[in-house]
Amino acid sequence: MKKNIHLIKGLLILFTAMLFVLACKKDKGAYDFDNQVNEFDGNAYEYLKAQPGVYDSLLKVADRITWLKDTLITPSDFTIFAPTNRSFTLALLNLNNLRTTQKKSNINLGNANLDQLDTLLNRYFISGRFSTDSLLLTDGASMQTIKYDYGMHAMEVNSNAYGFVHGGPKTIKYSDVKGSQYIVEWQRTTTQAVNIFTHNAVIHVLTPSHEFGFSEFTLRLNK
């Protein structure tokens, strides 16, 4: 009986030690990252609609801008750096907090100035298809928006995983260059998901901490 008890205790100690080793490795970043390309059997508009609770705000604005909705639906080649609902929530919160102090009525995406929304939303839609493989240049790539030829910039960033240099998930640093050659003047954000291919576009999803408008939303809409 005592032998059995000692055996069980020994096995428990061994099992605990194994769990500890595995946990230590995980804490150091031992993750099996999956960087496979995602393909969606449909156009960009259909993909965005198929993600309820994620892109509702983006679609609400796109539905108000005829040329943009047409672009999302028709055969084409473009890239979307897609802001999620959270990005719009942050922008509206900051705008309406200011308007409250100024005793002005709140603004929402349904009544916001359409010309200003058009200008800002354009910065998330790029001419041509840019997957992460297109952004391997040391200095990234300069690109133009599908309307107004506004200048933007994107650079692939690789993170490291345990035992692998650049073995972690790929991300993109996406920048509004503000018409300046000086990086210090750029407004930058990053992606949380990349390389989602639809029939007419490549979609990269921006981090939820990004405020829609690259710091211009309040300035442009508070009029």
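The values are calculated or read from the model by the stated rules, or taken from the named source; none is laboratory data. Note that the structure is predicted; figures quoted are calculated from it, not measured. Note that each Cβ is placed from the backbone with ideal geometry, even for glycine, and that neighbours are counted across all protein chains shown. These area figures cover heavy atoms from the full protein model, side chains too; ligands, DNA and RNA do not enter into them. Shrake-Rupley method; radii C 1.70, N 1.55, O 1.52, S 1.80 Å.
Sorted by average packing, counted as other Cβ atoms within 10 angstrom per residue and highest first, what order do 134-142, 72-80 take?
72-80, 134-142
Ordered by residue, what ³J(HN,Hα) values in Hz, to whole numbers, does region 77-94 give under the Karplus form 6.51 cos²θ - 1.76 cosθ + 1.60, where θ = phi - 60° and Gly and Pro are x?
Along region 77-94, the couplings run 9, 8, 10, 10, 9, 7, x, 8, 3, 4, 4, 6, 4, 4, 5, 5, 4, 5 Hz.
Could you run the Karplus curve 6.51 cos²θ - 1.76 cosθ + 1.60 with θ = phi - 60° over region 186-201 and give me ³J(HN,Hα) per residue in whole Hz, x for Gly and Pro?
So the J values, rounded to whole Hz, are 6, 9, 10, 8, 10, 9, 10, 8, 9, 6, 9, 9, 10, 5, 10, 7.
Taking a probe of 1.4 angstrom, what is the accessible area of W67 in Å², to the nearest 10?
60 Å²
Apply the Karplus parameterisation 6.51 cos²θ - 1.76 cosθ + 1.60, with θ equal to phi minus 60°, to every residue of region 47-59 and state each ³J(HN,Hα) to the nearest whole Hz, in sequence, with x for glycine and proline.
Going residue by residue, I get 5, 4, 5, 7, 10, x, x, 10, 10, 4, 5, 4, 5 Hz, with x marking Gly and Pro.
Using a 1.4 Å probe and counting only protein heavy atoms, arrange S215, S127, S57 so the residue with the most accessible area comes first.
Largest to smallest exposure gives the sequence S215, S127, S57.
Compute the projected area of the convex hull of the Cα atoms of region 59-137, averaged over all viewing directions, and report it in nm² to one decimal place.
Result: a mean projected hull area of 6.6 nm².
Give the peptides 41-48, 198-205 in descending order of average Cβ contacts within 10 Å, highest first.
198-205, 41-48
How large is the Kirkwood hydrodynamic radius of region 87-223, counting all unique pairs of alpha carbons, in Å?
16.4 Å
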